[in-house]
Amino acid sequence: MRLASIHRYPIKSTAGHDLTEAEVQPWGLAGDRRYLIIDEHGDMLTARDEPRLLSCVARLDGERLTLTGPHADPFPVVPDGTLSTVDVWGTPVELTDCGDAAARWLSELAGRPVRLKWLDDPTRRRIGPPYGKPGDSVSLADGAPLLLTTTASLARLDEWIAEGALERGEEPPAPLSMRRFRPSVVVDGATPFAEDEWKRLRIGDVAFRVTKGCDRCVLTTIDPATRAKGKEPIRTLSRHRKWDGKVWFGINLIPDTTGRIKVGDPLTVL
């Protein structure tokens, strides 16, 4: 098995960019999900509620974050140092504001008043039990520092979706893009859903533990290219991959060590 691709999303719920290599830090890939967008009420805003966020591409060059979108010229982000508390999935986290100019740029994109916030200190957000150990932290990702998916599992899911379409007398749709699942790392060479059984693994020289499978939400039903909403893959996952009242695709990882990973690195199950 090998590492097929690496993906970084500097702003939660916006489009990210691909990397050939990345630094693994205790809270995730360097620069990954360190920013988020809040609405006019101060609540976290994601593409589940505002799919237009997916048309914003956030790209890091060193420490410099630049936003691009279909509505305006590229915009360089400069946090202004003002702290405020934002609720991140039930946990209050102090975040730094990124200024009025960034707010105007993103508000025009979203069609509503929003602001951009930055997690300047990722150790502020701890991973509580039962999934984390003392000292574990996570950036602004939903629950764990990294998400791993495999090409084999997506291929099997696409087969199930095609079979279901034929049963309904429909034309099988095009295969789904892995972008719908927003993974940090994608692996080639596994058997379909073998990752369900992994407990610890190593990519290159960096070791990880698996916290749990990743339960999937409605965001996966939004085409990241067109932002059109549909029924897949939730409909098919509900048929083949549903337990504990949730549907599952991919696994969540916490780094046990740090270091660089790169595309082509071997993956070893420990």
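Since every read-out is calculated from the coordinates, none of them should be taken as a lab result. All values reported here derive from a predicted model rather than from experimental measurement. Methodologically, a virtual Cβ is constructed for each residue, glycine included, from the backbone with ideal geometry; neighbour enumeration extends over all protein chains shown.
Over the chain, how many pairs of lysines fall under 23 Å by alpha carbon, counting only those 8 or more apart in sequence or from different chains?
Counting lysine pairs in the chain gives 18.
Just to be sure I understand: with springs between alpha-carbon atoms less than 10 Å apart, which residue in LYS212, LYS231, LYS199 has the highest mean-square fluctuation in the Gaussian network model of the chain?
Among LYS212, LYS231, LYS199, the largest GNM mean-square fluctuation belongs to LYS231.
Using DSSP loop states and a limit of at most 16 other Cβ atoms within 10 Å to flag GluC sites (Glu not before Pro), what is the longest stretch of the chain containing no flagged site?
Here the longest run is 64-169.
State, as an integer percentage, the relative contact order of the chain based on alpha-carbon contacts under 8 Å between residues 6 or more apart.
Relative contact order comes out at 24 percent.
So if the hydrodynamic radius of the range 7-124 is defined as the Kirkwood radius over C-alpha pairs, what does Stokes-Einstein give as its diffusion coefficient at 37 °C and 0.692 mPa s, in µm² per second?
230 µm²/s
Would you mind classifying the chain by shape? Square roots of the alpha carbon gyration tensor eigenvalues, ordered a ≥ b ≥ c; an a/c under 1.5 is rounded, otherwise it is prolate if a/b is larger than b/c and oblate if not.
oblate
List, largest first, the extents of the alpha carbons of the range 31-99 along their principal axes, each in whole Å.
33, 27, 21
Specify the residue with the greatest mean-square fluctuation among ARG33, ARG126, ARG168, computed from a Gaussian network of the chain linking alpha-carbon atoms under 10 Å apart.
Looking only at ARG33, ARG126, ARG168, the largest GNM fluctuation is found for ARG168.
Once label points are set 7 Å from the Cα along Cα→Cβ at both VAL218 and LYS242, what is their separation, rounded to one decimal in nm?
Going from the VAL218 label point to the LYS242 one covers 1.6 nm.
Could you work out how much longer the chain between GLU63 and LYS262 gets when fully extended? Use 0.36 nm per residue separation minus the Cα distance between them, nm to one decimal.
The span from GLU63 to LYS262 would gain 69.7 nm if fully extended.
So what is the calculated 222 nm ellipticity per residue for the chain, using -39500 (n - 2.57) for each DSSP H run with n of 4 or more, over all residues, to the nearest 500 deg cm²/dmol?
The per-residue figure over the chain is -4000 deg cm²/dmol.
Which value in nm describes the separation of the simple spin-label points at ARG200 and LYS229, placed 7 Å from the Cα toward the beta carbon?
Distance between label points: 4.3 nm.
Can you tell which of VAL93, VAL185, VAL114 shows the greatest fluctuation in a Gaussian network model of the chain with Cα springs below 10 Å?
VAL93
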